[in-house]
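Heads up: the structure comes next, in structure tokens.
The values are calculated or read from the model by the stated rules, or taken from the named source; none is laboratory data. Note that this is a predicted model, so its numbers are computed, not measured. Positions of Cβ are generated from backbone atoms using ideal geometry, with glycine treated the same way; all protein chains shown enter the neighbour counts. Remember, those area values only see protein heavy atoms, side chains included, never the ligands or the DNA or RNA. Shrake-Rupley method; radii C 1.70, N 1.55, O 1.52, S 1.80 Å.
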Amino acid sequence: MHIRKGTTLAALAALTAGLLTAALPTPAQAAPAQTATPLPLTTVADVVSAGDRVFVSGGRSSTDIVVASATGAVVGTLSGLPGPSDLLLSADRQTLYVALPTANAIAAFDTGSLAESARYDTGAGECPSSLALTGRYLWFGYGCDQWGGNIGRIDLGRQPARVTTGMATSQDFYDAPLLTAASQNRAVLLAGQPSLSPASVYAYDIGTGGVLSAPRTNEWTVVGSNLRDVALDPTGTTLYTAAGSPYSVQAFPFADITIPSATYPTGPYPIAVELSRDGTKVAAGANASYDPDVFVFRPDGTELVRFELGNELSPGALAWSPNGARVYAASYDWTGRNPATLHVLPVPAG
């Protein structure tokens, strides 16, 4: 490019900025101001929102779950827990379920009083690590050893609750499977195969008495490699995967996991995906250095907004507020020198 004498630095800067702007993709809207609150944790495993309260677990090396307000202010701690990892809320948001893999147990807490209301023993050597709920059945993905993963079920409708393991009878899991269920459909369950490349997902129908059908699965390499998170839309008709590659969150019809029905570009290393309560927005997270970490899309793939956290997003650590106005993201400093952080990300309507 030839710049004649007399061209001002300001004009050159404006021209250069214009060229850079034209070369880079831009979001539909500029990111609204986010808030970031340091937490009394160095690692994070999961985050969920009950509306007025947000819960952040510290993971297997921790003993705490931090309790925050809807705006992110720390208001309390559930302490003395052996390795609190995956978190799950009941449909009425009054009960918080906590996976305790190092204790082979799942704990339940009242989200109002913060009192522990139950603890379910899943059996020695099970290491429950992921949770899903379909009506009376609390499902857990478990596994302590390589190729020791499977799916368990707690029948909360019985008194006392009955625990059953080995529910997946037609395939093996290398590690504890990633589970998720649909908030408006009690007849389906999704399980993801982590820690393998290529990755797989398994779509189950739930039959009479909580029996799992033979699963539908994907063709070789379709999901990608290094699966980090899975999600279902509220009706259970579409599943979503976040894997290290490809560099997009992918959507698939639950009935036929062969070809993606939509993709949501995130840049390198997608690690989290979460649907809003009404299914109208998709939050996706990635860990690409110096790039945005969290994106919000419409289901058709239109990007609404993106956010830079300035730290490492923890795998699967995204949660929507019940009204869809905020996304909560939990990040950590991989060096361990700084505390973990809870980010409150305002999502524009649209």
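Being open to solvent by 30 Å² or more (accessible area, probe 1.4 Å) and assigned to a loop (DSSP other than H, G, I, E, B) is the filter here, so list the residues in the range 168-183 that pass it. Within the range 168-183, Thr169, Ser170, Asp172, Tyr174, Asp175, Ser183 meet the criteria. Which members of the range 158-167 meet the condition of being open to solvent by 50 Å² or more (accessible area, probe 1.4 Å) and either under 14 Å from Ala191 (Cβ atoms) or in contact (Cβ under 8 Å) with a residue 12 or more places away in the chain (or both)? Passing the criteria: Val163, Thr165. Within the range 67-83, the residues that satisfy the criterion of being open to solvent by 10 Å² or more (accessible area, probe 1.4 Å) and of a type in the set (Gly, Ala, Ser) are Ser69, Ala70, Ala73, Gly76, Ser79, Gly80. Where strands (runs of 3 or more DSSP E) fall entirely within the range 67-164, those with at least 3 residues that are under 22 Å from the mean Cα position of the chain (by Cα) are at 74-78, 87-89, 95-100, 105-110, 128-134, 137-142, 150-155. Being touching a Ser or Thr at 6+ places or on another chain (Cβ under 7 Å), more than 15 Å from Arg153 (Cα to Cα) and open to solvent by 50 Å² or more (accessible area, probe 1.4 Å) is not true of Asp86.
Checking each residue in the range 49-65 for being within 17 Å of Gln94 (Cα to Cα) and among the β-branched types (Val, Ile, Thr) picks out Val54, Val56, Ile65. Looking across Gly279, Gly209, Gly236, one residue alone is surrounded by 19 or more Cβ atoms within 10 Å (Cβ to Cβ) and not aromatic (Phe, Trp, Tyr). It is Gly236.
Is the range 335-350 home to any residue that is within 23 Å of Asn226 (Cα to Cα), surrounded by fewer than 19 Cβ atoms within 10 Å (Cβ to Cβ) and more than 13 Å from the chain's Cα centre (by Cα)?
yes
Being under 15 Å from the mean Cα position of the chain (by Cα) and surrounded by 21 or more Cβ atoms within 10 Å (Cβ to Cβ) is a property that holds for Val296. Somewhere in the range 165-178, is a residue at pLDDT 95 or above, farther than 20 Å from Tyr240 by Cβ and among the aromatic types (Phe, Trp, Tyr)? Among the residues of the range 165-178, not one is at pLDDT 95 or above, farther than 20 Å from Tyr240 by Cβ and among the aromatic types (Phe, Trp, Tyr), which makes the answer no. May I ask you to list the residues in the range 50-66 that are in a loop (DSSP other than H, G, I, E, B), among the hydroxyl-bearing types (Ser, Thr, Tyr) and crowded, with 19+ Cβ neighbours inside 10 Å? Selection gives Ser62 alone.
Among the residues making up the range 113-141, a single one is touching an Asp or Glu at 6+ places or on another chain (Cβ under 9 Å), free of Cβ contacts under 8 Å to residues at least 40 places away in the same chain and open to solvent by less than 60 Å² (accessible area, probe 1.4 Å): Gly125. When Val47 is tested against the conditions (1) among the aliphatic types (A, V, I, L, M); (2) farther than 22 Å from Gln159 by Cα; (3) open to solvent by 10 Å² or more (accessible area, probe 1.4 Å), the lone failure is (3). Of the candidates Leu304, Leu318, the single residue that is in contact with a Lys or Arg (Cβ under 9 Å, 6 or more places away or on another chain) and either of a type in the set (Phe, Trp, Tyr) or in a strand (DSSP E or B) (or both) is Leu304.
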